[in-house]
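Any read-out appearing in this document is the output of simple, stated calculations on the displayed coordinates, not a laboratory observation. As the structure is a computational prediction, the values presented were derived from the model and not from experiment. With ideal geometry, Cβ positions are generated from the backbone for all residues, glycine too; neighbour counts draw on all protein chains shown.
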């Protein structure tokens, strides 16, 4: 089933659609419908743990020069692009992060000038009672 709607567009947006339609050799309506379909499908796809890891590493690299001055040789935990903790002991830091956020994917790294990439994948584990 196809539904038709009227959508007000600025002149600039309409011109961009016309150029894209010409490039794709399609009419403007098909071009808009196809573009919306792809954009909405991409918006519905949740990020994968790999996507999150790439974002966390990028956040670390961006703030690394500052961290080298303020927390050299400590461990930092980054969750959803934000620093969520520091500690001298990696395991204590991981335990605190897990306690606060659960077994969510986060990036934990020692703050040193040369950063080797070590990846640990979280699993469902139970703490001994």
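Calculated FRET efficiency, residue 35 to residue 82, Cβ-Cβ distance, R0 = 35 Å: about 0.60 to the nearest 0.05. Spacing of the modelled spin labels on residue 13 and residue 71, each 7 Å from Cα toward Cβ, amounts to 4.2 nm.
Just check region 49-110 against the gyration tensor rule for me: Cα atoms, a ≥ b ≥ c as the square roots of the eigenvalues, rounded for a/c under 1.5, and otherwise prolate or oblate depending on whether a/b exceeds b/c. Mind showing how you got there, number by number?
Working: a/c = 2.29, a/b = 1.11, b/c = 2.06.
Oblate, since a/c reaches 1.5 and b/c is not below a/b.
Relative contact order for the chain using alpha-carbon pairs under 8 Å, separation at least 6, rounded to a whole percent?
Values: 104 pairs, mean separation 23.8, N = 129.
Over the chain, the number comes to 18 percent.
What the Cβ-Cβ distance of residue 63 and residue 95 gives, at R0 = 22 Å and to the nearest 0.05, is a FRET efficiency of 0.45.
Starting from the exponent 0.38 and prefactor 2.2 Å, build the expected Rg for the chain from its residue count and divide its actual Cα Rg by it.
Ratio of Rg to 2.2 N^0.38 Å for the chain: 1.64.
What is the helix-to-structure angle for 28-44, meaning the angle in degrees between its Cα long axis and the longest Cα principal axis of the chain, kept from 0 to 90 and rounded to the nearest 10? Taking the Cα atoms of the chain, the angle to 28-44 is about 20 degrees. In plain terms, the residue of 68, 40 with the fewest other Cβ atoms within 10 Å comes first and the most crowded comes last, giving 40, 68. Label sites at residue 54 and residue 2, each approximated as a point 7 angstrom past Cα along Cα to Cβ, lie 3.5 nm apart.
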